[in-house]
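Have a look at the structure below, then the notes.
The values are calculated or read from the model by the stated rules, or taken from the named source; none is laboratory data. The structure presented is a predicted model; accordingly, all values stated were derived computationally and were not measured. Every residue, glycine among them, receives a Cβ derived from its backbone with ideal geometry; neighbour counts consider all protein chains shown. For the accessible areas, the whole protein counts, side chains as well, though only heavy atoms, and no ligand, DNA or RNA atoms are used. Shrake-Rupley method; radii C 1.70, N 1.55, O 1.52, S 1.80 Å.
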Amino acid sequence: MSTPVMDEPILELDDLVTSYRLTRGIGRSGGEVRAVAGVSLTVRAGETVGLVGESGCGKSTVARTIVGLVRPSSGRVLFEGRDLSTLPAQEMRLLRQDIQLIFQDPYASLNPRMTVAALLKEPWRIHRGLVPRERWDEEVRSLLDRVGLRAEHADRYPHQFSGGQRQRIAIARALAVRPRLIVCDESVSALDVSVRAQILNLLKDLQRDLGVAYLFISHDLGVVRHICDRVAVMYLGKIVEVGSKDSVYRHPSHPYTQALLSAAPSLDDWRDDERREIVLGGDVPSPLSPPSGCRFRTRCWQAQDRCREEEPALIERDTDHPVACHFPAPS
Amino acid sequence: MTAVRTTPGRSGGPAPVLRRLAALPLRAHLAIGTVLVFAVAGLLGPLIKPYDSARTSPPDRLLPPGARLSDGAVAWLGTDQVGQDILAEVLAGMRTSLTVALVTVLVGGSVGLFLGLVAGYFGGWADGIISRVGDIQLAFPSLLLAILLAGVLGPSMVNVIIALAVTRWVIFARVVRGSAIAVRDREFVDSARVMGASHGRILLHYILPSCLPPLLVAATVQVGLTMVAEASLSFLGLGVPSSQASWGSTIAEGRDYLASAWWIAAVPGAALALVVVSIGILGDLLRDTSDPMTEL
Amino acid sequence: MTGVLLQVDDLAVEFDTPKGPLRAVRGVSFQVGEGETLAIVGESGSGKSVTAHTLMGLVPLRARIVSGRVTIEGRDVTGLSDKEWRELRGERIAMIFQDPLSALNPSLTVGYQIAEMFRRHRRLGRKESRRLAVGLMEQVGIPDAERRLDDHPHRFSGGMRQRVMIAIALALDPRLLIADEPTTALDVTVQAQILRLLRQRQRADRLGMIIISHDLGVVARAADRVAVMYAGRIVETGTVAEVYERPAHPYTLGLMRAVPTPRDGGAPLEAIDGQPPDLLAPPDGCAFHPRCPFARDKCREVDPEQHELGPRRASACHFAEEVMTGVHTGHG
Ligand SMILES: Nc1ncnc2c1ncn2[C@@H]1O[C@H](COP(=O)(O)OP(=O)(O)O)[C@@H](O)[C@H]1O
Ligand SMILES: Nc1ncnc2c1ncn2[C@@H]1O[C@H](COP(=O)(O)OP(=O)(O)O)[C@@H](O)[C@H]1O
Ligand code: SF4
Ligand SMILES: [Mg+2]
Ligand SMILES: [Mg+2]
């Protein structure tokens, strides 16, 4: 539910660009993929912002850039107003405590050689002084309890748990450093429906109790609608629409958002068999050679000559709901 | 520190190891037995049956296996052209061979481990330099390189070890680099980075443990091959000084008596073949049975 | 329902595992009629894929059919030889998989793999087979078919590969198509394309179709009838409308409530507690009882039979009527 302070931004992405250099054979460069091609986005303290889009559109790259696993080619990542790329290494490492990342596959993201207790204590070994050593065991127990695991789980290894339990461990581990922002990259996508609901509820409870903010990355529009306050829709490295959950889901303005919402299966789909369904043709173009003008124009049923020539900017019209389209649907 | 403290034990632990050992095929037991016998013989043999390179005993020259020596002892494996007991000589050679092989693998392995970790984990120019140097060296026959180095450095056990270690580090570096690259981008390593772990910590706690099992396999195989290389150098007179016994030099001496006293060359030759093959089998075994969890 | 294409009676499949026998499918019965799409829905490990493979005569390694009968177009296929199965597969019954890339041969062109169906089963010549392959590719919506015929699978996107798989499956006009999670690996917009294509083909040819999915939304969009699987059993069957409007098994009810919907307004989801049971040691009585909010003593002791609730509508719950009428006892 609504959280203590929900106004000042804690994370700001400012025209972020992240590229991967492709290597072809040894040493030879095969060009660059602009996986994130100019993304601006704000996450405020204690809120949940959803980032949706199809695979390959650059969601994980945004996540990896925020937590510092890859360096941006240009643009800025500001955490509480401070530019992460200009921070000295030492301060950067301290700041790492404030931003945590939870991956899609909890098994791959937990060191298989470490017990749960060791996994949870690892951050305290790294950031000495965060939790005094004599309180480690107690703290481990309280973290496990917090995420719905039992104290005796502490001595087991990740492979002895089910998928949902492993994700709980990953969450506990992220919480161990008391972060202010958690980036969840498809963190519930690999889970079965019933377990997914447990984890979604847990994430919500944690936010209510601890005031942590989430950047919640997912390709599942239903889940995003459930958990997020605001939503950004990404296509081929760019954000095409962003706004409050209600405005985006009730009045999608970008043709891509409309198609995405129409394509997402829902429990009610059996009711209207011949419902107006927008089925996009073709596939997402390669980010190696994005289309000129609007990146979506090759699949867009609204596209006109102007879309080929001029790239639409992400502009706010009358509302707090910017759309990057020359011909957005009226809201 | 109260309440529950059950340790459910991971797949592994001492009991399963024993059970796995019992389930091994016959050739494995033979190989393990052979290696153990040779190791113990190399360790204790020279104490029981000392070898003195300076001693000669003309009446006992070129006696066949089983013959009685002038001092009344039995030469179970015969004697050589100066009347030395081949058994004593082979036992002493075993010790040389083992020492050189183990120290070489230790030194070469450590250097290879370090450079392989750096190359695999950091990549970039460090990897470029280390890998190129390695490639160039591998293009050059390793024994030739060892001969060259040993020739320049002169005969001594330390120099043999240096020469051989220089030829071996590349192999270890490659194995380690491969494993390091394989885990470097794994999500659990990324998640340690996100935690703020330093490079040193990641290398030590995350990358290294995954590199050790393949390194162990490579090291085992290399122990055998280094024994061959040491014997080859000694055979050519570039190995340990003549005051120390070596299978290679014994075989070289026996070369002139192949027709009359075959046992001089045959005994150390057979010992070498047996121990190298056994170590090879052991290496294969390690590779096959290494716990899938440790390969992560 | 006109002609029954597939009839499955009391099918049980067991794996031999190092830890003992594992019953992955425990007495499954259902029917598929001509022109009808049945969805099998359930969480991972519930036995959907094992069931599907068994229907295709592809009993997994180290598994055996313990009991049951499978009848395809009136013919008992339970004891067929390998050769007989090969004749049946492709001709009468076909299957597509979740991962088309691993189901296609990477070293052969797509055209060759489609045309092979005609060459091998119909003994047609090369030219004729290729001509038919182009026609099929057009039918499944692969643009520029003539030119793409000689491309290898890796040159196709995920969605296009799945179209290729559908072309191969439909080449010989089978009567029954089994699709095991056909869109799970695809993006939402591509998933919509493939589901629409399957629906079109199914209607045009009056195919019987089994679509396997873990996604209740996909099932709602793609199927006429639904069978909900849990721990190797079908716990509820009916038309999609019947099951979605008034679920008659607590597990179905739980699944529905665990899915976020636009109407929940972000309120906490009603998750199902706990996890699916270990099939090596399934619980006594109803396999769902440890997680079930309706469970009573009877559930812990007696494994419920299928309760008929109407024509082709059943639930394997002692308290099916209660669940349907919405008398929720809550936990404990
Ligand atoms: N390490 C990498 N090297 C080269 N290209 C990459 C790498 N990681 C991702 N990409 C490319 O960047 C684009 C965006 O990928 P990603 O951020 O993973 O998207 P998403 O998470 O939305 O699926 C894709 O086209 C992908 O192929
Ligand atoms: N090769 C196998 N050996 C042992 N058990 C298996 C094997 N394949 C599947 N199983 C078991 O059978 C059950 C059903 O599997 P499956 O049909 O693949 O589930 P689903 O398709 O519903 O996800 C699972 O619990 C799984 O553990
Ligand atoms: S039989 Fe009992 S335990 Fe099983 S689903 Fe019905 S009420 Fe729940
Ligand atoms: Mg991703
Ligand atoms: Mg399956």
Would you calculate the convex hull of the Cα atoms in chain A and tell me its volume per residue in Å³? 166 Å³
Only loop residues by DSSP count here, and only those with at most 16 other Cβ atoms within 10 Å; note down the trypsin sites (Lys or Arg not before Pro) in segment C:99-182 that meet that. C:Arg123
To the nearest 500 deg cm²/dmol, what mean residue ellipticity at 222 nm is calculated for chain C from DSSP H runs of n ≥ 4 alone, each contributing -39,500 (n - 2.57), summed and divided by the residues? -9500 deg cm²/dmol
For C:Ala39, what residues show an amide H to amide H distance below 5 Å, using hydrogens built from the backbone and excluding near sequence neighbours? C:Ile211, C:Asp224, C:Arg225, C:Val226, C:Ala227
Cα atoms only, chain C: Rg and Dmax in Å? 20.9, 69
Applying the Karplus parametrisation 6.51 cos²θ - 1.76 cosθ + 1.60 with θ = phi - 60° to the phi angles of segment C:175-180, what ³J(HN,Hα) value in whole Hz is obtained for each residue in order, glycine and proline being reported as x? 8, 10, 10, 10, 10, 8
Positive end of the dipole of segment B:26-295, charges at C-beta (+1 Lys, Arg; -1 Asp, Glu), about the Cα centre: which of B:Ser131, B:Thr96, B:Phe38 has its Cα farthest in that direction? B:Ser131
Sites excluded, trypsin sites (Lys or Arg not before Pro) in DSSP loops with at most 15 other C-beta within 10 Å, longest stretch of chain B: B:62-296
Which whole-number value in Å³ per residue fits the convex hull of the alpha carbons of segment A:199-331? 137 Å³
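Ignoring ligands, DNA and RNA, what percent of the 1.4 Å accessible area of chain A is carbon and sulfur?
Values: 6270 of 13630 Å².
After summing per-atom areas, the C and S share lands at 46 percent.
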For a quick check: with amide H placed at 1.01 Å from N, whose amide H comes under 5 Å from C:Glu236's, ignoring anything fewer than 5 positions away on the same chain? C:Val228, C:Ala316
For segment B:42-60 and segment C:1-68, write down the distance between their C-alpha centroids in whole Å. 75 Å
Interface burial for B against A (accessible surface, 1.4 Å probe, total of both chains, Å², rounded to 100): 2800 Å²
What is the distance, in nm, between label points placed 7 Å from the Cα along the Cα-to-Cβ direction at B:Ser57 and at A:Glu80? 8.5 nm
What dipole magnitude, in Debye to the nearest 20, does segment A:254-331 give about its Cα centre under +1 on Lys/Arg Cβ and -1 on Asp/Glu Cβ? 240 debye
Counting each DSSP H run of 4 or more residues in chain A as -39500 (n - 2.57), what helix-only mean residue ellipticity at 222 nm follows after dividing by all residues, to the nearest 500 deg cm²/dmol? -8500 deg cm²/dmol
FRET efficiency for C:Arg296 and A:Leu87, Cβ-Cβ distance as r, R0 = 56 Å, nearest 0.05? 0.40
Taking a ≥ b ≥ c as the square roots of the Cα gyration tensor eigenvalues, with a/c under 1.5 meaning rounded and otherwise prolate when a/b beats b/c, else oblate, which class fits segment C:1-90? oblate
Tilt relative to chain C, helix C:158-170 - C-alpha long axis, 0 to 90 degrees, to 10: 80 degrees
Which residue, B:Pro25, B:Pro46, B:Pro241, has the most motion in a Gaussian network model of chain B that connects Cα atoms within less than 10 Å? B:Pro25
Counting other Cβ atoms within 10 Å, which trypsin sites (Lys or Arg not before Pro) in segment C:193-223 have at most 14 and lie in a DSSP loop? C:Arg206
If you take the square roots of the eigenvalues of the alpha-carbon gyration tensor of segment C:139-196 and sort them as a ≥ b ≥ c, do you get rounded (a/c under 1.5), prolate (a/b over b/c) or oblate? oblate
Whether segment C:244-332 is rounded, prolate or oblate, judged on the alpha carbon gyration tensor where a/c under 1.5 counts as rounded: oblate
Which whole-Hz couplings ³J(HN,Hα) result when phi for each residue of segment C:97-103 is put into the Karplus expression 6.51 cos²θ - 1.76 cosθ + 1.60, θ = phi - 60°, listed in order with x for Gly and Pro? 10, 5, 10, x, 5, 7, 8
Which chymotrypsin sites (Phe, Trp or Tyr not before Pro) from segment C:49-156 combine a DSSP loop assignment with at most 11 other Cβ atoms within 10 Å? none
Choice from A:Leu267, A:Leu13, A:Leu95 showing the highest fluctuation, given a GNM over chain A with Cα pairs closer than 10 Å: A:Leu267
Hull volume per residue for the protein assembly as shown, using the convex hull of the C-alpha atoms, in Å³ is 235 Å³
Rounded to whole Å, give me the distance from the Cα center of segment A:73-117 to that of segment A:306-330. 33 Å
Which Cys in chain A stand alone, with every other cysteine's Cβ at 4.7 Å or more from theirs? A:Cys57, A:Cys184, A:Cys228, A:Cys300, A:Cys325
Contact order relative to length of chain A, as percent, for alpha carbon pairs under 8 angstrom and 6 or more apart: 20 percent
Unsatisfied cross-links (Cα-Cα over 28 Å) in the set A:Lys59/C:Lys48; A:Lys245/C:Lys48; A:Lys59/A:Lys204; A:Lys121/A:Lys204: A:Lys59/C:Lys48; A:Lys245/C:Lys48
Explain nothing, just the number: dipole magnitude of chain B about its Cα centre with +1 on each Lys and Arg Cβ and -1 on each Asp and Glu Cβ, in debye rounded to the nearest 20. 760 debye
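Work out the mean other chain Cβ neighbour count within 10 Å for the residues of C:267-278 and drop it here as an integer.
Taking all residues of C:267-278 together, the mean is 5.
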Give the separation of the Cα centroids, segment A:135-188 to segment C:214-235, in Å. 32 Å
Please check chain A for the longest run free of GluC sites (Glu not before Pro) that are loop-located per DSSP (anything but H, G, I, E, B) and have at most 15 other Cβ atoms within 10 Å. A:81-273
Quick one: compute the contact order of chain B, relative version, from alpha carbon pairs under 8 angstrom and 6+ residues apart, as a percent. 22 percent
Which one, A:Gln100, A:Ser187, A:Leu22, projects farthest toward the positive side of the charge dipole computed for chain A from Cβ point charges (K/R +1, D/E -1)? A:Leu22
Please state the charge dipole magnitude for segment C:1-117, taken about the Cα centre, from unit charges on C-beta atoms (+1 on K and R, -1 on D and E), reported in debye and rounded to the nearest 20. 380 debye
Taking Cα atoms, the helix A:136-146 axis meets the longest principal axis of chain A at an angle in degrees (rounded to 10) of 40 degrees
Expected vector for segment B:231-248, Karplus 3J(HN,Hα) from phi with 6.51, -1.76, 1.60 and θ = phi - 60°, integer Hz, x for Gly and Pro, equals 4, 5, 4, 5, 4, 7, x, 9, x, 5, x, 5, 5, 10, 6, 8, 4, x
Alpha carbon convex hull of segment C:179-313, projected area averaged over orientations, nm²: 10.1 nm²
Dipole of chain C, positive direction: furthest Cα of C:Val70, C:Ser81, C:Leu309, with charges on the beta-carbon: C:Ser81
Over the Cα atoms of segment A:254-331 the radius of gyration and the largest Cα-Cα distance (Dmax), both in Å, equal 14.4, 41
